[in-house]
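A short worksheet on the structure shown next.
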Amino acid sequence: MSSILKTKAMRNVCKGNTSAYYSYVEEKTGQNPVIQQFEKELNDYIGFVKKKNAGLLKPGEHAPCKVSDALFDIWNKFEPRVSTRFFNQKLMELGEFLVKHKEYSTASWQCYDRYLNNFANVNLELIKNLTDFKSNFFSNGILAENSDVTFRALMGHCICMYHFTIAQDSKLQTKYAIQQLNEIFRFMRLIMQLLLEVDHYCWLVYNATIYIYTMSRYVMQFGHSKMVCCSHTLN
């Protein structure tokens, strides 16, 4: 009986039902067909990105925009059909996967910025201090349900901005590049200050430390140790 229910539900996944619609199936089988289909399409997408980066795609199998467009379609298809919390977690997981595979544009625009668009302002230069930072991104407090996702999105946004900057000026010779990196380091400092207020965010502190270390190693090669030292100074 459970296999019949599962087969029937899977046939209806593409008809636009939400994951909540299949609660009766989940109770009987421990599986939800909408979530299963969502995760399958994400796994297929991950496999595609891995094949692309390994140079294993066949001629005609890849267009320059496909990495971004394919993910955009998946998000639009499933965002209205799964819980907000689950969807946001997948945004972050895919963003971190794409950063690892150097797909910074897609990670930024299709994952981190998609989430951060829920906030009024993500302009680093307009966030002057910790008070601005809290009011913009943590108006309900840093212990609110999605605060961990917000921290992950902000850090991901910063690391992508860093990679965009050094892609334009790999030797950090322009005033613009230096200004951009100073803003990124300053913003990461604000993130760290707030994270350190909550003990159970230690895993996010660890992630932030790795990001800062990665950026610091690079900029110090070009004589910008002062920028790094300032970023490590916490009030």
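Bear in mind that the values in this text are calculations on the coordinates, not laboratory data. Quick caveat: nothing in here was measured; it's all calculated off a predicted structure. Backbone-built Cβ (ideal geometry, glycine too); neighbour counts: all protein chains shown.
For the range 128-211, applying the loop criterion from DSSP together with a ceiling of 14 other beta carbons within 10 Å to the GluC sites (Glu not before Pro) yields E145, E197.
Suppose R0 equals 45 Å; then what is the FRET efficiency for F222 and T84 from their Cβ-Cβ distance, rounded to the nearest 0.05?
Values: r = 42 Å, r/R0 = 0.94.
So, using R0 = 45 Å, E works out to roughly 0.60.
Trypsin sites (Lys or Arg not before Pro) within the range 145-194: which are DSSP loop residues with at most 12 other Cβ atoms inside 10 Å? If you can, show how the numbers build up before the last one.
Working: sites: R152, K171, K175, R186, R189; in loops: K171.
Loop-located and lightly packed - K171.
Comparing S225, C158, N129 along the charge dipole axis of the range 103-235, the residue lying farthest to the positive side is S225, per the Cβ-charge model.
Between K58 and K102, how high is the FRET efficiency from 1/(1 + (r/R0)^6) when r is the Cβ-Cβ distance and R₀ = 22 Å? Nearest 0.05. If you can, show how the numbers build up before the last one.
On the way: r = 22 Å, r/R0 = 0.98.
For R0 = 22 Å, the calculated efficiency reads 0.55.
Label-to-label distance, K51 versus D73, with points set 7 angstrom from Cα along the beta-carbon direction: 1.4 nm. Be a star and scan the range 204-220 for residues whose amide nitrogen sits under 20 Å from the point 7 Å along the Cα-to-Cβ vector of T174. Flagged as within label range: 218-220. Remark: the range 56-211 carries a charge dipole of roughly 220 debye about the Cα centre, counting +1 on each Lys and Arg Cβ and -1 on each Asp and Glu Cβ.
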